[in-house]
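Have a look at the structure below before the remarks.
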Amino acid sequence: MSLTRQHALDIDASDPLAHARDRFAIPEGIIYLDGNSLGCLPRNVASRVAAAVEDEWGRGLIRSWNNAGWYTAPQRVGAKIAKLIGAAADEVIVTDSTSVGLFKVLAGALRMRPSRSTILGLHGDFPTDAYIASGLAKLTGTHFKRVDGGDLIGAIDATTAVVSLTHVNYKSGFIHDMRAITEAAHAAGALIVWDLSHSAGVLPLELAGLNADFAVGCGYKYLNGGPGAPAYVFVAKRHHDTFDHPLTGWLGHSDPFAFADNYEHAKGMDKLLTGTPPILSLTALDAALDAFDGIDLHQLRTKVEGLTSLFVTLAGERLMRYGFTLASPRDSHQRGAVVSLAHAEGYAIMQALIARGLIGDFRAPDIVRFGFSPLTTRFVDVFDAAEVIDDVMAKQAWDTPAFKSRKAVT
Ligand SMILES: *Cc1c(COP(=O)(O)O)cnc(C)c1O
C-alpha cells in the first residue's frame, strides 16, 4: 500500500520536535527544502538585529563594544555552538567564514607536524575545502593529496600531517565514520580537521569524546544564522598552547588595546581572532541559536532519519519512473539531512520546482538536492514535495527554455 498524506500528518502529530517550527518565520505557500544552504529565519532574529542597529549602534555607538556585549560576542556565540558539537565552551570561537577558519586550523596543524608534508583530503568534498587546502599547500611547500572515501584510512601514513574532511558530504549526505577516521589519523601520528557544516544542527556530535583536534563549520545552514553568517572554529584544549595561529591580526593579540608594535598571541581560542568581527551578523547568529534551546539532539537525529526515509520511500514509489536515481545512501544511518536525486535535466527540473513553490537546489552536474532541516520541516512537507515533483515530471513542466537557462547561483 502506498503512503498517504494522512500518514504524514499522523507522524507530524506525534513528532516531539514539531513545536520548534513555530520558532521560525516561514513564508506561506512554499515548501522549503533548502535549509542545508540557507536556514530559515528564526522569529527572534529581526527584532534582535533591529535593536543592535537602532539601540546599540545608533544610540550606543562606540560604547556598545563594552556595554552591549559586542566585544565578547565571538566567544559567547562559540559557547552556544559548543553545546551542539560536544565541545567545551572555551574550545569554540565564531569568526570569519568557514573557508578562512579552515585555512587557520590547517595552517596551524601543518606547523604542529613540521616534518610531515601532506594534507590528506577526499575527492568530491565541498570545493572550498579543497581550494583552501591546495592554496595552503602551495604557500607552505607541502602537498595536498586527495583519495576516494573508501581509500582514506589506508592512505594515512607517516607523511600525513593532517587529514581534512567534511563529516557529512554536502552533495550526497553520506556520513563518514568520525571515530574510525579520527583514530586512524592519530594512530599514524597525524592530526585531523573536521568540517561540520552539514553535521551541526542535524545530529549529535562528540568532538571531545572523539579526541578530535580541530573543526570548523558554517553558521548559515542548519544553524540558521542568516546569509553570510560567520563560521565557527574548534581547537581541542590540549592544543591551545601549541597551536600557532597563522593569521595574526590585532584582535588575536594578548592585549589589543595596548597597541603594541609587536604581536604576542592571546591565550586559548582568543588567538584565533583576526580582525574586527561582523557584529550585526554575529547578533543574528547569536539570536538564531536560541532556536536550539531545549532541543534533544538525539530526537533531532531521529527526526532527520524519519524525514529523509519518508522522502526516499516516496521517491521509490513515485519518482524513479521519471529517470531519477538516488544519489544519497539508502541506509538512513549513513545519511545526513539531504537526499539527492540525479537526473540529466536536473537544473531545469529544479527551476520548475522552485516556480511551483518547492525550493531545493541544484548541484552540478546533475544533482537535484533536497534538505530536510529538522527544526523547520514537517513530514507533510515531505509528502507534498513528492507530489509536486511527481506532477512537474508527469507534465514535463521543466521542459522550457526559461527553466534551462542557468542563473549565477544554483
Ligand atoms: C557551506 C560550506 C562551506 C562554506 O564556506 P564559506 O567560507 O562559509 O562560504 C564550507 N565547507 C563546507 C563543507 C560547506 O558545506
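Per residue, the solvent-accessible area of the stretch 279-410 (1.4 Å probe, heavy atoms of protein chains only, all protein chains present) comes to 38 Å².
For the stretch 65-219, the alpha carbon convex hull comes to 110 Å³ per residue, rounded to a whole number.
Angle of helix 297-318 to the longest C-alpha principal axis of the chain, folded into 0 to 90 degrees and rounded to 10: 40°. About its Cα centre, the stretch 7-74 has a charge dipole of approximately 420 debye under the convention of +1 per Lys or Arg Cβ and -1 per Asp or Glu Cβ, with nothing else charged. Computed extension gain for Asp148 through Thr410, at 0.36 nm per residue and net of the alpha carbon distance, reaches 91.8 nm.
From helices alone, the chain scores -10500 deg cm²/dmol at 222 nm; the rule is -39500 (n - 2.57) for each run of n ≥ 4 DSSP H residues, then divide by the residue total.
When the surface is traced with a 1.4 Å probe over the full set of protein chains, Leu165 keeps roughly 0 Å² accessible. With every protein chain in place and a 1.4 angstrom probe, the accessible-area ranking of Glu206, Glu387, largest first, reads Glu206, Glu387. Putting +1 on Lys and Arg Cβ atoms and -1 on Asp and Glu Cβ atoms, find which of Ala18, Thr166, Ile295 reaches farthest to the positive end of the dipole of the chain. Going by the charge dipole, the pick is Thr166. Working note: Karplus 6.51/-1.76/1.60 with θ = phi - 60° gives the stretch 92-101 the couplings 10, 9, 9, 6, 6, 8, 4, 4, 5, x Hz, where Gly and Pro are set to x.
Helix 346-355 axis versus longest C-alpha principal axis of the chain: approximately 80°, rounded to the nearest ten. Over the Cα atoms of the chain, each weighted equally, I'd like the Debye log10 I(q)/I(0) at q = 0.11, 0.12 Å⁻¹, rounded to two decimals. Reported log10 I(q)/I(0), two decimals: -0.84, -0.99.
Sites listed here are GluC sites (Glu not before Pro) in the stretch 274-374 whose DSSP assignment is loop and whose Cβ has at most 11 other Cβ atoms within 10 Å, and the list is empty. The slack in the chain from Asp331 to Thr4, taken as 0.36 nm per residue of separation less the alpha-carbon distance, amounts to 115.5 nm. Atom-type composition of the exposed protein surface of the chain places 55 percent of the accessible area on carbon and sulfur (1.4 angstrom probe). Taken over the alpha carbons of the stretch 152-305 as equal point scatterers, the Debye sum produces base-10 log I(q)/I(0) values at 0.19, 0.20 Å⁻¹ of -1.28, -1.33.
Helix 279-288 versus the longest principal axis of the chain: what angle, 0 to 90°, nearest 10, using Cα atoms? Result, in degrees: 50.
Computed over the alpha carbons of the stretch 285-410, Rg followed by Dmax gives 15.3, 48 Å. If the limit is 26 Å between Cα atoms, which of Lys80/Lys138; Lys80/Lys271; Lys138/Lys221; Lys171/Lys267; Lys145/Lys267 go over it? Violating the 26 Å Cα-Cα cut-off are Lys80/Lys138; Lys138/Lys221; Lys171/Lys267; Lys145/Lys267.
Report the gain in length on full extension from Val388 to Tyr263: 0.36 nm times residue separation, minus Cα-Cα distance, nm rounded to one decimal. Value of the extension gain: 39.2 nm.
The values are calculated or read from the model by the stated rules, or taken from the named source; none is laboratory data. Keep in mind that what you see is a predicted model, and the values were worked out from it rather than measured. All Cβ positions, even for glycine, are placed from backbone atoms using ideal geometry, and neighbour counts span all protein chains on display. Please note that ligands, DNA and RNA were not included when accessible areas were found on the heavy atoms of the full protein model with its side chains. Shrake-Rupley method; radii C 1.70, N 1.55, O 1.52, S 1.80 Å.
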